[in-house]
Amino acid sequence: MRRIERDEIVPVTIELNGKRMVGNAQPRTLLSDFLRQTLGATGTHVGCEHGVCGCCTVMIDGIAQRSCLTLAVQADGRRVETVESLADDEGRLDALQRAFNRHHALQCGFCTPGILMSFTDYLRRNPDPAEQEVREVLGGHICRCTGYSGLVAAIMDAAREMRGEAGPEEETDAA
Ligand code: FES
Ligand code: FES
């Protein structure tokens, strides 16, 4: 691979939510900044910018990763999915999003895109998680609002619905 000079601007091509997108980036440009500022995909949030809060989580080639710990050039040629990919073309929310809505699993919503992307990946690989496992994955995300109970209820409920075991639970009041 050719060495990229420090201040060089290079084209980065990614498949973003199924669409080929090209933008310019410096070698030091974070993927989170590239998504938001260059490609206008502002659904991905940025909080701590050092891998702690989890709100910048996206999926790269199907695996949830921190976009603030990934350089844009590292994503070149790869498939990136963000929270904008979850609803369908008519704006209908997916099962996980609907469960968040039912269980009041968000308030300000700042942490929400990252948690949705983490669990989109996680539930694909672990469709029948124990509640404790869900809590452990949530340990990689900071939510200042919900107290986490609504998040756990929503994720467990969405997993059940995705497995086809039961219809969605009734709305709960996590407050
Ligand atoms: S902004 Fe990436 S983990 Fe906090
Ligand atoms: S809903 Fe506000 S930080 Fe989680």
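The residues in region 74-89 that are surrounded by fewer than 14 Cβ atoms within 10 Å (Cβ to Cβ) and more than 21 Å from Gly109 (Cβ to Cβ) can be counted, and the count is 2. Looking across region 42-55, just one residue is buried (at least 21 other Cβ atoms within 10 Å of the Cβ) and more than 13 Å from ligand 2 (Cβ to nearest atom), and that is Thr44.
Where in region 11-128 are there strands (runs of 3 or more DSSP E), lying fully within it, with 1 or more residues that are in contact (Cβ under 8 Å) with a residue 60 or more places away in the chain and basic (Lys, Arg)?
Values: elements: 19-25, 57-60, 63-66, 79-81.
The qualifying strands (runs of 3 or more DSSP E) are 79-81.
Taken together, the residues in region 132-144 that are of a type outside the set (Lys, Arg), surrounded by fewer than 19 Cβ atoms within 10 Å (Cβ to Cβ) and away from ligand 1 (no atom under 16 Å from the Cβ) amount to 3.
Just so you know, all these numbers are worked out from the coordinates, no wet-lab data involved. Keep in mind the model is a prediction, meaning the values are calculated, not measured. Reconstructed Cβ throughout: ideal geometry from the backbone, glycine too, with neighbour counts over all protein chains shown.
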